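Working notes, beginning with the structure itself.
Please treat every number below as a calculation from the coordinates, not as lab data. On a predicted model such as this, the values are computed, not experimentally measured, just so you know. Glycine also receives a Cβ, built like all others from the backbone with ideal geometry; neighbour counts cover every protein chain displayed.
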Amino acid sequence: MAVSLDQVKTLRARTGAGVMDCRRALEEVRGDLDAAAELLKAKGLAAAAKRATRTASQGVVEAYIHTGNKLGALVEVNCETDFVARTDEFRALARELAMQVAAAAPRYVSKDEVPEETATEQRAALAREAAGASAAEIDRRLDEWFKDVVLLEQPSIRDAGRRVGDMVTDAIARIGENIQVRRFTRFKLGE
């Protein structure tokens, strides 16, 4: 099937994928924009998983200071090359992450960083609060707690339908390098 340039442009604007990748995806799904976007997303997730083991030792420390200078955050975001670290897209991601930290006040970067005893104590507290609740209900409540305290599990402050971790994965797929949020700190006047 012949794919029009307008279709390719539309898909590229929507996904951020390369022109040839957009063309191939549209040809594969016979011009269906939604199906092509899903196909590109699936390919991007697979590529991101492959890149996850690669060393990310370059990057930036991004600062965000909220209006009024009473709240701020620093975030270290790493990538594989200094070339990518200097791109506008990478810096925009780092800025978005710094804003997320300032606004949502996470305590940990990922679930792996949550100490086992902290998670166990939280599970026990949730079980006491919801006496008689099923194990599945306790697990659901624990997942909600993780969404509050773990940066990569939090809903994005700009798009509540997306997790911060999904934003990072999407950036990995678009940029083509492993990206890791290494650490952060949040400052609030008086805390």
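Here the Karplus curve 6.51 cos²θ - 1.76 cosθ + 1.60, taken at θ = phi - 60°, turns the phi angles of region 84-91 into couplings of 5, 4, 8, 6, 4, 5, 5, 5 Hz, with x standing for Gly and Pro. Working note: Karplus 6.51/-1.76/1.60 with θ = phi - 60° gives region 114-124 the couplings 6, x, 4, 5, 5, 5, 5, 4, 5, 4, 5 Hz, where Gly and Pro are set to x. Going by neighbour counts of Cβ atoms within 10 Å, the residues Ile179, Ile157 line up, fewest first, as Ile157, Ile179. The calculated FRET efficiency for Arg182 paired with Lys9, based on their beta-carbon distance and R0 = 35 Å, is about 0.45.
All distinct Cα pairs of region 133-178 go into the 1/r average, and the inverse of that average, the Kirkwood radius, is 11.8 Å. Gain on full extension, evaluated as 0.36 nm per residue between Lys43 and Arg107 minus their Cα-Cα distance, stands at 19.9 nm. Candidate cross-link partners of Lys147 among the lysines, defined by an alpha-carbon separation under 28 Å and a same-chain spacing of 8 or more, comprise Lys41, Lys43, Lys50, Lys70, Lys111, Lys188. Highest-first packing order for the peptide set 62-74, 20-32 is 20-32, 62-74, based on the mean count of other beta carbon atoms within 10 Å. From the largest down, region 60-191 spans 54, 38, 26 angstrom on the principal axes of its Cα atoms. In a fully extended conformation the segment linking Leu189 and Arg123 would gain 20.6 nm over its present Cα-Cα distance, using 0.36 nm per residue.
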